[in-house]
Amino acid sequence: MSRKKPAQIGRYKLLEELGRGAMGVVYRARDPSLDRIVALKTIMLSDEADGRKDYQKRFALEARAAGKLTHPNIVTTFDFGEEGELAYIAMELLEGVDLRERLKQGPLPTAEAVDIAVQVADGLGFAHERGIVHRDIKPGNIMLLERGDVKIMDFGIARMRSEDSKTSTGMVLGTPRFMSPEQIAGMPVDHRSDIFSLGVVLYEMLTGAMLFAGEDTPQIAHNVSSVEHAPPSRHNPDATSMLDFVVARALKKDPAVRYQDAYELAADLRTCLAELRNRTASPEQKAHDTTRTVKLDANERTPAAAAIAPETRLPLSRPFDSSAALQRLAKPSRRDRRFLGRAPRPVSVPRRLWNDAAPRLLFITMLVAAAAGSYIAFA
Amino acid sequence: MASVVFLRIHDFGRRPVSEQARLRAQLEAVVAVTTAELESASRIVLDASDGMAIVVLRDPRGALRLAGRALSAAAAGLPVSAGINHGAVRVIGNGKPEAMVGDGIAVAAAVAQFAPPSELRVSHTFRDALSDAAPGAESALVPAGTATDSGLRRHELFTRDKRAAARRRVRYSALSAAAAIALLAAGIGLRISEEGHEAFMSGVMGKYRQVAAQGERQVRGLAQKVKLP
């Protein structure tokens with residue numbers, strides 16, 4: 001891609017380059033007809049004539065669909081078009097920072113993270129109602145504005161990208177860490193895939209841990225499709241149990257048991273938010289709270305995937321103190337070592353007679369009756 | 001090896017999150033009440049995605065009691081079922097205990113899946129462990145068929161039947177009575193075959209008269225002592 005900035009694309013006068021990606025460049029541009037500053041996103045068109053025609057058709061469809069999305073939590077699309085080798089889309093220019101940049105500073109305060117997720121879920125719910133699936137929900141596509149407003153970026157374009165991202169070998173490219181299991185498997189996806197991706201984003205906001213992280217794409221794909229996450233409260237003591245449930249439901253591998261509706265997710269997140277705000281609003285309660293906050297070791301902040309083991313792994317329940325039994329297991333007595341280390345053994349006849357009342361009754365009765373019978377017979 | 005009681009909330013994943021949170025809190029309350037009767041050094045409580053698991057050390061009877069109490073406490077609106085297994089478990093963690101793994105847990109979870117709401121299923125190994133710890137207690141567990149889990153492992157299941165132990169006691173009592181009658185009859189038969197019927201009967205009658213006279217004397221003596229008219 002040429003690094004030279006053109007002076008104008010379509011009717012838009014380019015002012016400065018805002019960012020550069022694999023598929024194109026984003027410019028700050030001015031629309032002279034309305035005297036409006038916009039973000040102009042350019043996409044390189046395919047060189048092949050057939051591929052290009054198909055691409056142009058899809059681009060127009062998707063851009064029109066995205067243009068219909070007017071919602072406070074979705075970036076507004078103003079216009080789209082083509083010039084030379086470039087397709088472009090003019091969007092509302094946002095002043096703020098994207099979530100990816102914000103997350104570089106570490107996990108977000110719990111209430112703020114939930115608030116962001118609520119707004120994203122609202123935006124997704126609105127788009128899903130209109131049959132539009134984002135397909136690439138990730139921190140880089142979530143813009144944080146001043147006063148806590150949140151906007152989802154790249155509707156439509158994301159879909160174009162995701163369709164392009166499937167190569168002739170069937171390999172899926174893009175941002176696998178935020179993809180749903182069905183998406184990473186190359187299966188057809190629907191709005192529930194966005195819900196999963198938002199679940200991953202929420203997890204990352206709450207914990208700072210990179211869920212499903214892996215060394216390479218196949219490992220990430222494996223983690224996404226088969227590894228179960230640890231509840232956010234394990235990493236973030238402020239996360240409520242309800243929040244654990246919300247995240248767990250959003251991250252269900254099977255779309256059928258996931259949230260079926262982004263609005264439903266938003267509603268549950270609002271309940272969590274109310275709970276969190278109530279908690280921060282009553283400092284007296286905090287003073288009386290005897291809950292111990294366990295500081296996690298630095299290495300526990302590593303990707304959550306690393307801390308996940310097979311399905312049989314069950315974490316210790318925090319509300320219950322199991323330390324006495326754990327200590328007993330760590331330093332077993334001789335008797336414990338003998339009993340805990342062996343499988344159940346069959347019960348011998350003497351032990352059965354000694355311990356089991358019913359056979360003992362039979363045995364004693366037979367013994368007495370045999371003695372009496374012998375006396376009658378031989379005395 | 002330890003006994004693992006797995007308490008599973010039915011259709012947990014399909015319920016609204018607010019209900020999940022409510023049911024979870026209810027289950028925690030039930031577990032808090034039911035584990036209180038176990039020594040704290042004998043139980044480890046674990047979180048599961050759709051319920052809770054309690055690892056009970058060296059007390060299969062306690063594990064069975066706990067499951068029973070949890071199910072009866074949960075009968076008031078908590079759709080929970082219980083599965084118990086006795087198997088290998090291990091504590092894992094990065095420097096400090098964080099979780100437990102093992103076949104003991106996996107099988108308990110599988111067994112709980114086969115239990116209808118408010119019911120208990122136990123594995124064959126648990127029945128053996130119960131029999132080992134308290135011979136005879138296993139009689140309360142009756143066969144409930146076999147089931148194959150998602151990993152194609154076949155489990156022989158048992159369920160609790162409160163009347164099974166009573167039925168067994170009645171069976172053993174009847175058997176004891178029959179055995180006593182048979183042994184006494186055998187003694188009598190042997191004596192008759194040796195002495196003949198007449199001699200045996202006159203011997204018995206003589207003994208009877210002797211015992212009756214002795215009894216009468218004792219009753220009279222007793223009546224004089226208490227000065228009855």
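The values are calculated or read from the model by the stated rules, or taken from the named source; none is laboratory data. All of these numbers come straight from a predicted model, not from anything done at the bench. Cβ sites come from the backbone with ideal geometry, for glycine too, and all protein chains shown count toward neighbours. Only protein heavy atoms, including side chains, enter the accessible area calculation; ligands, DNA and RNA are left aside. Shrake-Rupley method; radii C 1.70, N 1.55, O 1.52, S 1.80 Å.
Listing for the model above:
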item: Chains A and B, summed buried accessible surface - 1.4 Å probe, Å², nearest 100; result: 5200 Å²
item: Rg and Dmax of region A:97-142, Cα atoms only, in Å; result: 11.8, 35
item: Shielding score for A:347-358, defined as the mean number of other chain Cβ atoms within 10 Å; result: 4
item: Portion, in percent, of the accessible area of the protein assembly as shown that falls on carbon or sulfur, probe 1.4 Å; result: 55 percent
item: Residue-averaged beta-carbon neighbours from other chains (10 angstrom radius) around A:366-379; result: 6
item: Region A:51-113 versus region A:223-280: alpha-carbon centroid distance in Å; result: 26 Å
item: Rounded accessible area per residue of the protein assembly as shown, 1.4 Å, Å²; result: 51 Å²
item: Pairwise centroid distance, computed over Cα atoms, of region B:16-70 with region B:175-212, Å; result: 60 Å
item: Table column - 3J(HN,Hα) (Hz), region B:41-57, Karplus curve with 6.51, -1.76, 1.60, x for Gly and Pro; result: 7, 10, 9, 10, 9, 10, 8, 10, 5, 10, x, 9, 10, 10, 8, 10, 8
item: Area of A:ASP356 that stays accessible when all protein chains are in place (1.4 Å probe, Å², to 10); result: 10 Å²
item: Kirkwood-based Rg to Rh ratio, the protein assembly as shown, C-alpha trace; result: 1.25
item: Protection proxy ranking of A:61-73, A:256-268 - average other beta-carbon atoms within 10 Å, highest first; result: A:256-268, A:61-73
item: 10 Å Cβ neighbours from other chains, averaged over peptide A:36-45; result: 0
